[in-house]
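The values are calculated or read from the model by the stated rules, or taken from the named source; none is laboratory data. Not measured: the values here are computed from a predicted model. Cβ coordinates were reconstructed from backbone atoms using ideal geometry, including for glycine residues, and neighbour counts include every protein chain displayed. We work out accessible area using only protein heavy atoms, side chains counted, and drop any ligands, DNA or RNA first. Shrake-Rupley method; radii C 1.70, N 1.55, O 1.52, S 1.80 Å.
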Amino acid sequence: MGSVGAERRRQATPVLTPEGNVVMSFSFESYQLEEEDCQAKDIPDKGVLTFTEPAFEEPMPDDCYHGIYFAMLLAGVGFLLPYNSFITDVDYLHWKFRGTSIVFDMSLTYILVALVAVILNNALVEMLSLHTRITVGYLFALGPLLFVSICDVWLEQFTTKQAYVVNLVAVGVVAFGCTVQQSSFYGYTGMLPKRYTQGVMTGESTAGVIISLSRIFTKLLIKNEKKNTIIFFFFSVSMELMCFVLHLLVRRTRFVRYYTKRSCHDHAEMRGHADPGTGYRVHHDASTEEVRFDNGAVGASPSEFGNEVEIAGGGTYMRFDVPKPKIKKSWPSIRDMILHRYVVSRVIWTYMLSIAVTYFITLCLFPGLESEIHNATLEDWLPILIMAIFNMSDFVGKILAALPYDWKGSRLLLFSCVRVVFIPLFVMCVYPVGSPTLSHPAWPCVFSLLMGISNGYFGSVPMILAAGKVVPEQRELAGNTMTVSYMTGLMLGSAVAYFAYGIIANGSTPHAEALHNSTSG
């Protein structure tokens, strides 16, 4: 009868009235009674109760043609593409700001601002809506990219010193916007199935691959340094706009709304915010055919029943709507915010350390130290090729992270620490200056390949698994907490990269000048 398979009804409670009639009391929770036209549906029985299922129990939607996965992959492209655009044109940076540590300065600026942004985003996760934070992040990423490409690269409105400062400020603004996006997206995908977190992290590597290929092709096809850099930046702006528009479309899909609403429902239920006013009590007096409804708390006494509701002609129940009570939103206290994060961190601390160590080791070497590896034969092409190899192998590593294997946190941490061997290997590719121990260009290419694959894999698996270790209502917070660890590793790695740069700084500048002169000649 109607939706009888989905109804949830309490046991009937017989109650004697003062007249001696038996009244049967039924309770229905969280359902609305709907008017049903029995004749139109060819149902012979009258007086049938129909119920509407709540939104969180709707059938699980499918990701048709893997469109949502592709959108999440492009989301990962969107929040790392602007930064990659600034550092991948390393040949242009060395040409315009020759003799400076511009790549190291950009890297450190990005990491410092990003760490502040991720901590701020982690604090505001319960105060600002998810999509508000993502939209603001996209706007902060697009603005500086457009400004630098038009005003600095194309129109050349600044002197060299001014352009140096403008680029660093632009990287700082991009860092803030992209990190707010990134942290929010990990919380976002934490509410979706695990493969979508892997999709976002694969998108991060895809951004590096796309930008590396874009730089290679623009440099090959257009010899003029200024023109190929302008086209390179405009391509990046177009890609970022496409990612933004796609996010606005995907957030409204039935698939995304289903999982985000379910997580919000679980969170509200956990905090005791379930709606107490949508339950119904139906009281049927068998002798007088009297029906009464009450939307009070289930289990109330018969004396607390609400107003009587008449039966429409033929015994069909009339629609009975009760507005949902409005719940006043309040921001959590500082103590509650710290406690929530402490509870989550106790569960996923090994995954937090694992991702921090992985990115710490990577940022010690990429992009700073790798950009300083030169060769007389390949000239300024060698840093571009090394970065391209790293980005492509990192992409492969993040695809491998989709393979189903349930790593233990302690084992992940061990393998992440083993990667420290890459630091002395890359140092031998640049030291001693002028005649490094590993001088052949094949060495840094092989090391970059191995480091990229391991970075892609061990940088993705902790993020993918961490969200599954907590209850659904804590997954967004777990994603944001993991991003704090991720950014902490990046910051410490950039600091060590400056120390490594100090080892080769005395001799690298004359070498770079000689390389620039030979290239110009």
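Taking residues in segment 365-391 that are modelled with pLDDT of 85 or more and of a type in the set (Phe, Trp, Tyr), and partners anywhere that are crowded, with 20+ Cβ neighbours inside 10 Å and not in a helix (DSSP H, G or I), the pairs with Cβ atoms closer than 8 Å and at least 6 places apart or on different chains are Phe390/Phe366.
A single entry from Ile87, Ile111, Ile68, Ile119 fulfils the requirement of being in contact with a Ser or Thr (Cβ under 9 Å, 6 or more places away or on another chain), of a type in the set (A, V, I, L, M, F, W, C) and farther than 23 Å from Ser236 by Cβ: Ile68.
Being hydroxyl-bearing (Ser, Thr, Tyr) and farther than 30 Å from Ile216 by Cβ is the filter here; which residues of segment 90-142 pass it? If the condition is that a residue be hydroxyl-bearing (Ser, Thr, Tyr) and farther than 30 Å from Ile216 by Cβ, then Ser129, Thr132, Thr135 are the ones that fit.
Of the candidates Val245, Val200, Val209, the single residue that is out of contact with any Gly (no Cβ under 7 Å at 6 or more places or on another chain), open to solvent by less than 70 Å² (accessible area, probe 1.4 Å) and either among the charged types (D, E, K, R) or in a helix (DSSP H, G or I) (or both) is Val209. Those helices (runs of 4 or more DSSP H) of segment 70-180 in which 2 or more residues are crowded, with 24+ Cβ neighbours inside 10 Å occupy 102-124, 130-147. Going by the structure shown, is Ala505 modelled with pLDDT of 60 or more, loosely packed, with under 15 Cβ neighbours inside 10 Å and farther than 30 Å from Met463 by Cβ? It is true that Ala505 is modelled with pLDDT of 60 or more, loosely packed, with under 15 Cβ neighbours inside 10 Å and farther than 30 Å from Met463 by Cβ. How about segment 248-260: which of its residues are part of a helix (DSSP H, G or I), over 15 Å from Leu73 (Cα atoms) and either open to solvent by 30 Å² or more (accessible area, probe 1.4 Å) or polar (S, T, N, Q) (or both)? Once the filter is applied, which keeps residues that are part of a helix (DSSP H, G or I), over 15 Å from Leu73 (Cα atoms) and either open to solvent by 30 Å² or more (accessible area, probe 1.4 Å) or polar (S, T, N, Q) (or both), segment 248-260 yields Arg254, Arg257, Thr260.
Can you tell which of Arg335, Arg341, Arg346 is open to solvent by 40 Å² or more (accessible area, probe 1.4 Å), closer than 30 Å to Cys417 by Cβ and either at pLDDT below 50 or among the basic types (Lys, Arg) (or both)?
Arg346
Can you run down the residue pairs with Cβ atoms below 7 Å, 6 or more apart or on separate chains, where the first is in segment 150-169 and of a type in the set (A, V, I, L, M, F, W, C) and the partner is open to solvent by 80 Å² or more (accessible area, probe 1.4 Å)? That search, which allows pairs on different chains as well, returns Cys151/Gln157.
Limited to segment 437-456, what total is found for residues that are open to solvent by less than 40 Å² (accessible area, probe 1.4 Å) and either under 30 Å from Arg195 (Cα atoms) or without any contact (Cβ under 8 Å) to a residue 24 or more places away in the chain (or both)? Result for segment 437-456: 8.
The sole residue among Tyr138, Tyr164, Tyr196, Tyr186 that is aromatic (Phe, Trp, Tyr), closer than 23 Å to Ile111 by Cβ and within 12 Å of the chain's Cα centre (by Cα) is Tyr186.
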